[in-house]
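Asks: Just passing along the structure, written as structure tokens.
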Amino acid sequence: MKRGEISNKKKSNNKSILFIVLIIILIVIFVVIALNFTGYSVKVFSSKNAVCYDSDSNSMYRNGLNYYVKGICRDKNLVLEDKCFNNYTVQESHCSSDRLQCLDTLFYCAYGCKNGVCRSRK
């Protein structure tokens with residue numbers, strides 16, 4: 001093999017590695033975006049020794065993760081109201097699983113969001 005042939009193979013390998021790295025970055029970005037539209041919880045406030053209450057919680061929606069009923073989440077230091085994040089995403093306020101604090105979850109509404117709730121099928 002000649003020196004030029006070896007150099008071209010190294011360049012080709014570097015391009016392949018760069019391409020693979022870019023694909024991995026795109027996959028990570030896609031997963032992060034997908035989690036945000038499927039109800040991934042985001043901690044927005046932390047309050048120690050607080051008791052959390054969500055007005056739209058019931059036996060079916062214990063922590064208040066009810067996307068079709070507008071509610072208000074209260075803990076020791078915070079009051080959060082369900083609201084539309086955009087035309088197709090509700091920002092649902094609810095209690096954490098340990099019922100110590102309010103959290104917000106973004107949830108994609110298939111039929112749109114209006115007045116802080118996902119719209120039902122027409």
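Asks: Pull out the extension gain between Asn14 and Ser120, defined as 0.36 nm times the separation in residues minus the alpha carbon to alpha carbon distance; nm, one decimal.
Replies: That works out to 33.0 nm of additional length.
Asks: Using a Förster distance of 22 Å, how high is the FRET efficiency between Val51 and Glu81, based on the Cβ-Cβ distance and rounded to 0.05?
Replies: After rounding to 0.05, the efficiency reads 0.75.
Read-outs throughout are calculated quantities, based only on the coordinates presented, and are distinct from any laboratory measurement. What you see is a predicted model, and the numbers here were worked out from it, not measured in a lab. Cβ sites come from the backbone with ideal geometry, for glycine too, and all protein chains shown count toward neighbours.
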